[in-house]
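S.K.: This is the structure I have questions about; it appears just below.
The values are calculated or read from the model by the stated rules, or taken from the named source; none is laboratory data. All figures in this text were calculated on a predicted structure; none of them were measured in a lab. Neighbour counts run over all protein chains shown; Cβ positions are idealised from the backbone, glycine included. Ligands, DNA and RNA are stripped out before the accessible areas are found, and what is left, the full protein with its side chains, is counted by its heavy atoms. Shrake-Rupley method; radii C 1.70, N 1.55, O 1.52, S 1.80 Å.
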Amino acid sequence: EVLQARLDSLEVVIANSNTLSEENARLRSLLDLSGRSPDQYVAASVIRSGTPGSESMFLLDEGTRSGVTRESPVIMGRGLLGVVREAQATSATAMDWTHPRFWASAMTEDGSIYGFVEASRGRFREADRLLLDGIPFQQELEPGVVLVTSGLGGIYPRGIPIGEVIQESDAQEGWRRSYWLRPFVSPGEATHVQVLVSRGTPDTEGSTPR
């Protein structure tokens, strides 16, 4: 009984250590992002309401007092999580990329191919993925090609990683191709994020929403 009690205690310690390790890894990634980028970010915690029908929405514990505004991009680790929809003094409401109204102008890392990404809901949350559309038919993308935000549209700055190509979609409309993307960020794992509150270099590529 004594040995079993010690074993149980050790299992609890190990479980807690794993959780802390994951938490530290997330925080290190956020610090690394702040250190590398000329943009200014605010660190925030994610709160899910758990209300049916609001699975694609989340709350942030930072708001306008920290510089967060409507359409502030939200980033987790190495990729785009979503965008702020409403901002109050000390909190904000945002949607992640699984929301039906999510979209972002995108391009390949070398800037040679442009398109836009939108959410594609699966039968369950783990099956949600992104669809890259608007690719000219004469241009083909291989699996593994990375897509980042293009800076067009006036919301997301250029260069935020979005995901990588999985395969071409069956849905084609004559002059264009579509591709399924594997997003770099899993919304269900979001606990700590960075919210872009100002940009180091003004974006001059375009500001006309699609």
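S.K.: Test each condition in (1) at pLDDT below 95; (2) open to solvent by 20 Å² or more (accessible area, probe 1.4 Å); (3) farther than 16 Å from PHE184 by Cα for SER91 and report the one that comes out false.
M.R.: (1)
S.K.: Could you list, in sequence order, the residues of region 167-176 that are over 15 Å from GLU118 (Cβ atoms) and assigned to a strand (DSSP E or B)?
M.R.: GLN167, GLU168
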